[in-house]
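Enquirer: Below: one structure in structure tokens.
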Amino acid sequence: MSKEKGKNEYGAFWARFKDKSKDTPKGKVPVATLRRESSSSFDVDSIKTESSAAPQKRPKRKRAVIKNDEFDQLPMCGVTVRLPVGLKPYPSQKLIMVRILTAIKNNMNVLAESPTGSGKTMALLASTCAWLRMYQDDRKLARSKCEIHGDEAQIVKTEPLAVHKNEPEATSDPQIKQENTVENQWIEDFIPHGGQENVKKEEPIEGTKTEEPVCTCLPRVRIYYGTRTHKQIAQVVKEFGRLPYAGIIKHTILASREQSCINPAARRSPDISQFCKEVNGTDGIGCSFKTAMRNRYEKASALRSHLEYNGTVVFDTEEIVETLAQSSPQLCPYFCTTRVLTQDADLIFCPFSYLVDPIIRNSSDVHVKNAIVVLDEAHNIEDTCRDAASFVFSEKELDDALLSFRIKKNAIDQEIESGLSHNGADTFEERVNDKMATLKEMRSNLMLLEHLMLEILRWVRKLATGAKEKGRDGTKSSTLTSSSLFGSLTDVESGIDLYTPQNTPRYTAISGAFNALAARNEAEMQYFDAYKPSATAIVCIEKWLYFQSYFGQPDYQKTYRCNLTIEPIQQKTSYFKGGRNAVDLNNTMEYRQKGAGPRNMKYADDDFSNDSYDVHNSTWLNTSGAAPSSDSDTKWIDTDKPPSGHQPIAPGCKTTVSLWCMSPALSFVDAFSQSRSVILASGTLCPMDTLKTELGMEFKQQMEGSQVISKDRIFAAVLPVGPGGNRIQCTYRHTSDENSPFYSELGAIIQFVCSNISAGILCFLPSYRVLDQLKNHLEKSSRMKSIESKKVVLCEPRRSSELAQVMLEYDKAIAQPKYFGPTINGALMFAVFRGKVSEGIDFADDRARVVISVGIPFPSSTDELVTAKRIYNDENSKTLGILNGEEWYVTQAYRALNQALGRCLRHKNDWGAMLMIDERLERQSKNITTGAASARVSKWIREQLKSYPNFQNFNDEFREFYIRMRNEDVECSAASSSSAATADVKKEIKTEDG
């Protein structure tokens, strides 16, 4: 089943289940609940219907039959690796498995680059699963011999992977976190009971020496397999299903509610996660899909049997969602995968953010201590790690948090006043006193956080005084070094004292107030939930506490830079400086940090003016989910000010503070320092120098795999000269004028390729500016008409929501070219480096027979984040052993280039050409091994790369390559048709004989 990106990714899939509730009887809902729900945006009728839904009978799916007794074995490094029958691993696969097995056995880390199509994923899974299977046997044996737990060895024969009672690591592991979420109502079912303290010890006889028994059990080891996106998880699970480990190595998937919720009412709500927490809260009406799990399906073994009975053993997110939505009873996929199946899972698939981002990791059932961590497609892991330790606060976000604290505090004041006025009845006096005490404590916590928010806003206002204009659009900004940032946080003369490292009294007080307000109340305390601050306020404080915990450490303090930006709202763009998924639509050379989590994105594109709040109609005013019930909620609002009373720093502008982390080592070490082994793999890890130096952990095992595609099926060329004889260099000086020789030569090359090559062609450019100027030149020179006579010309959209439609058009032009015209033979896609087309899309076979890369995609030298990073590396290159600023800068460019070139050649029988246009790339065909110049394209491309200083020589060899490969395709197609026809004849003869 194909997936689409964006909010409607599963739209067609959910349509099959959205009307299911109409066929079920209505249940009873408490009046109080109906009153509460009627004041919110939730669909009460649909919730009522689902609360007692009686699932319809459906045809049973075919029961899965797993055959793990048929496999090939490959002894390697003392481990027997199981492979599918008949699979002969490539040399590069064997090399990856050797490196990984060696690393895991010796607690080392690995960097592994292997081209797409070389079986990298299969090798990663086969080697890690093989080692884990052997380790499970060793662990079972060690337990049977343990002086403490040996007597209980027989109990665990049927489930050797479970966490056993009284094992030291089960209860003393500091990474087992107590979540303050509504899911904790089942916490006793999800973590082992008992601990080391329950082991009865015999009293020693006085005067005798007794030796304390020593536990010799081996710690539990899991595999966490991280990918960049949920879509990539499906591809990895497909490979896992081919291995003979299904049912032996148990797996699950960590996915968000947005990906896995099947409640129709929740999916219609604007915030699925918040809806789920509301209905499943102590005062909610519950969700029938989650309720159906109780008693019977709260244990992993029962749930896995249920899945197997319904024909699902190896599953990705879509498959388990479909299975549980159609099973009887219908069960919640989110809680099944993230809360139940994690109990016994040995292999856990998840996006990077669940492992790297501290906020997401600490709110999920993720325990990477002693784990084997595989990060696939990890070429952007540096950016992900930097982003995970960076925090962004908009003025509106801070203002919303302040407003929430004040609304709740005022509500408590009113309640206290009301309670005191009715106090006096002896029967209720003790109960009223307890209630008042709790409310006063909550008020004290709210006031502490309110004062903190006011102080942060005062700090932001002070920073804004130093902002300077940075362009013609009126944007102002300033960037502070770590020492200046420290000084700004400790500016006592301005009433600012915000430097609060961990273990200081003020940090302890703030974190205590935060934990008290964020914690989930017990049933008898649910009354006080109405006085808790909004989710926006909670997240805002949580980010601040994480920043203080990092910045307060002397070793990490110097890694931070502070940027303040004031942008006029009239010049609204989609580029959110330093935040999640930052994309500059005017220049994608702009250095950006890619998504490690959603916590900063709510305010990334807010179109608001700080002096234009609508007090009565604002959707963000009531962020708690409960409508204000009295005038007391707004009695303090001045109509000339925003509801919080905070005066805007720059009216009509968006003010943002970004706390940038310059070192990926901070979050990488924080996440994986206690892991057994970390494996970074990708088809484009090169250049590896920056990974080896910046992540803060040693990688003793390293490899660059060779391409499994035959060399005669790859054409890799550098074109320093165009058909007109002019040398080509894609720099700002040469590209600023669309009438320059650069565009003339580039246009001629593109026209030549389109005239001679059928099927799909990708052309990557360094920015949208260059792309637009190239299009203008092609149209003015009439070259576009010539190209359009052969190709359907498309451009990568600037909006992600439009990409799916563009790709449908592209694919249709490849599969049915004559639909667009009698002379059309394919499509030409203009795209940008680091864009949506350059990563995550498979352009196999005719989808991309040629990839044209123009220039070297250096990050923008005018971007303040890039400048800050270069300065940081220059200052610390010698002391920290990292690349200097120039080396880092060049490395980022070549990694983006490699990623774009990797769109071509996706499997063993594929073929294609890569044309690199820029005279500066001539050096890539030479033997340069030191300095910044050593940053280069991947090994498998270098082995084929040839420079053509004369365009005619390129013309001859390129055309010869294409004609030869097309002839081979025709021959293979004819042979395949003949074989198919022969098979059909044999089948008919066999049928007649029967």
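Enquirer: Does residue 93 fit the bill of being among the polar types (S, T, N, Q) and crowded, with 21+ Cβ neighbours inside 10 Å?
Expert: Here the answer is yes, as residue 93 does meet what is asked.
Enquirer: List the number of the failed condition for residue 703; all other conditions in (1) surrounded by fewer than 22 Cβ atoms within 10 Å (Cβ to Cβ); (2) modelled with pLDDT of 90 or more; (3) more than 18 Å from residue 857 (Cβ to Cβ) hold.
Expert: Only one criterion is unmet by residue 703, namely (2).
Enquirer: Let me ask something additional. On the given criteria, is residue 864 touching a residue at least 60 places away in the same chain (Cβ under 8 Å) and open to solvent by 20 Å² or more (accessible area, probe 1.4 Å)?
Expert: It is true that residue 864 is touching a residue at least 60 places away in the same chain (Cβ under 8 Å) and open to solvent by 20 Å² or more (accessible area, probe 1.4 Å).
Enquirer: Output the residues belonging to region 287-300 that are open to solvent by 20 Å² or more (accessible area, probe 1.4 Å) and within 29 Å of the chain's Cα centre (by Cα).
Expert: 298, 299
Enquirer: Which residue pairs have Cβ atoms closer than 8 Å, lie 6 or more positions apart in sequence or on different chains, and pair a first residue in region 725-748 that is without any contact (Cβ under 8 Å) to a residue 24 or more places away in the chain with a second residue that is open to solvent by less than 50 Å² (accessible area, probe 1.4 Å) and polar (S, T, N, Q)?
Expert: These pairs meet every condition: 726/744; 734/740; 742/729; 742/735.
Enquirer: Consider only pairs whose beta carbons are under 6 Å apart and that are at least six residues apart or on different chains; among these, list those whose first residue lies in region 762-788 and is among the hydrophobic types (A, V, I, L, M, F, W, C) and whose second residue is open to solvent by 10 Å² or more (accessible area, probe 1.4 Å).
Expert: 762/903; 778/784; 787/751
Enquirer: Shifting gears a bit: Test each condition in (1) at pLDDT 80 or above; (2) not small (Gly, Ala, Ser); (3) not in a helix (DSSP H, G or I) for residue 941 and report the one that comes out false.
Expert: Result: residue 941 passes all but (3).
Enquirer: So, one more: Can you tell me which residue in region 489-500 is nearest to residue 874 (Cα to Cα), limited to those that are open to solvent by 20 Å² or more (accessible area, probe 1.4 Å) and in contact (Cβ under 8 Å) with a residue 40 or more places away in the chain?
Expert: 499
Enquirer: What single numbered condition from (1) under 24 Å from residue 831 (Cβ atoms); (2) open to solvent by 10 Å² or more (accessible area, probe 1.4 Å) fails to hold for residue 726?
Expert: (1)
Enquirer: Mind checking which residues of region 646-696 are among the basic types (Lys, Arg) and surrounded by 20 or more Cβ atoms within 10 Å (Cβ to Cβ)?
Expert: Within region 646-696, 654, 676 qualify.
Enquirer: Which of (1) part of a helix (DSSP H, G or I); (2) modelled with pLDDT of 90 or more; (3) open to solvent by less than 10 Å² (accessible area, probe 1.4 Å) does residue 379 not meet, given it meets every other one?
Expert: (2)
Enquirer: Say we look at region 791-811 and pick out the residues that are at pLDDT 90 or above and open to solvent by 70 Å² or more (accessible area, probe 1.4 Å); which of these is farthest from residue 849 (Cα to Cα)?
Expert: If we take residues in region 791-811 being at pLDDT 90 or above and open to solvent by 70 Å² or more (accessible area, probe 1.4 Å), then 805 is farthest from residue 849 (Cα to Cα).
Enquirer: How do the helices (runs of 4 or more DSSP H) wholly within region 738-826 filter down when requiring 3 or more residues that are closer than 22 Å to residue 842 by Cβ: which remain?
Expert: 803-815
Enquirer: Now, a different point. Among the residues of region 453-485, count how many are part of a helix (DSSP H, G or I) and more than 31 Å from the chain's Cα centre (by Cα).
Expert: Residues flagged as part of a helix (DSSP H, G or I) and more than 31 Å from the chain's Cα centre (by Cα) within region 453-485 amount to 10.
Enquirer: Enumerate the pairs (first residue in region 299-310 and in contact (Cβ under 8 Å) with a residue 40 or more places away in the chain and in a loop (DSSP other than H, G, I, E, B); second residue anywhere and open to solvent by less than 30 Å² (accessible area, probe 1.4 Å) and not aliphatic (A, V, I, L, M)) with beta-carbon separation below 7 Å, excluding pairs fewer than 6 apart on the same chain, so at least 6 apart or on different chains.
Expert: 310/323; 310/327
Enquirer: Mind listing whichever residues of region 345-376 are within 24 Å of residue 100 (Cα to Cα) and in a loop (DSSP other than H, G, I, E, B)?
Expert: Selection gives 345, 346, 352, 366, 367, 368, 369, 370, 371.
Enquirer: Among the numbered conditions (1) surrounded by fewer than 17 Cβ atoms within 10 Å (Cβ to Cβ); (2) modelled with pLDDT under 90; (3) in contact with a helix residue (DSSP H, G or I) (Cβ under 9 Å, 6 or more places away or on another chain), tell me where residue 86 comes up short.
Expert: Evaluating residue 86 over (1) surrounded by fewer than 17 Cβ atoms within 10 Å (Cβ to Cβ); (2) modelled with pLDDT under 90; (3) in contact with a helix residue (DSSP H, G or I) (Cβ under 9 Å, 6 or more places away or on another chain) leaves (3) as the failure.
Enquirer: Of all residues being open to solvent by 10 Å² or more (accessible area, probe 1.4 Å) and part of a helix (DSSP H, G or I) in region 318-336, which is farthest from residue 233 (Cα to Cα)? Just the residue, please.
Expert: 326
Enquirer: Separate question: Could you list, ordered by first residue, the pairs with Cβ atoms under 7 Å in which the first is in region 888-906 and under 17 Å from residue 860 (Cβ atoms) and the second is among the small types (Gly, Ala, Ser) and part of a helix (DSSP H, G or I), at least 6 apart or interchain?
Expert: Partner pairs satisfying both residue conditions: 890/932.
Enquirer: For residues that are outside any loop (DSSP other than H, G, I, E, B) and touching a Gly at 6+ places or on another chain (Cβ under 7 Å), scanning just region 646-692, find the one that is farthest from residue 372 (Cα to Cα).
Expert: At the first step, the residues of region 646-692 found to be outside any loop (DSSP other than H, G, I, E, B) are 653-661, 665-672, 677-682, 689-692.
Checking the rest, the ones that are also touching a Gly at 6+ places or on another chain (Cβ under 7 Å) come to 658, 660, 665, 668-669.
Numbers: 658: 33, 660: 29, 665: 18, 668: 14, 669: 14 Å.
That would be 658.
Enquirer: Return the residues of region 383-410 that are assigned to a helix (DSSP H, G or I), closer than 30 Å to residue 112 by Cβ and in contact with a helix residue (DSSP H, G or I) (Cβ under 6 Å, 6 or more places away or on another chain); say none if nothing qualifies.
Expert: Result: 384, 385, 388.
Enquirer: Which residue is farthest from residue 919 (Cα to Cα), if the candidates are limited to region 684-719 and must be of a type in the set (A, V, I, L, M, F, W, C) and touching a Ser or Thr at 6+ places or on another chain (Cβ under 7 Å)?
Expert: Within region 684-719, the first condition is being of a type in the set (A, V, I, L, M, F, W, C), and the residues that meet it are 685-686, 688, 691, 695, 697, 699, 703, 708-709, 714-719.
After this cut, where a residue has to be touching a Ser or Thr at 6+ places or on another chain (Cβ under 7 Å) as well, the list is 686, 708, 718.
Values: 686: 21, 708: 29, 718: 8 Å.
Per the criteria, the residue is 708.
Enquirer: Any residue in region 719-729 that is part of a helix (DSSP H, G or I) and at pLDDT 90 or above?
Expert: No, that holds for no residue.
Enquirer: Which residues, counting only those in region 239-272, are part of a helix (DSSP H, G or I), open to solvent by 10 Å² or more (accessible area, probe 1.4 Å) and closer than 19 Å to residue 125 by Cβ?
Expert: Hits for region 239-272 are 239, 241, 242.
Enquirer: Test residue 122 against the stated conditions and say whether it is over 30 Å from the mean Cα position of the chain (by Cα), in a helix (DSSP H, G or I) and surrounded by fewer than 23 Cβ atoms within 10 Å (Cβ to Cβ).
Expert: No, not satisfied.
The values are calculated or read from the model by the stated rules, or taken from the named source; none is laboratory data. All of these numbers come straight from a predicted model, not from anything done at the bench. Positions of Cβ are backbone-derived with ideal geometry, glycine not excepted, and every protein chain shown enters the neighbour counts. Only protein heavy atoms, including side chains, enter the accessible area calculation; ligands, DNA and RNA are left aside. Shrake-Rupley method; radii C 1.70, N 1.55, O 1.52, S 1.80 Å.
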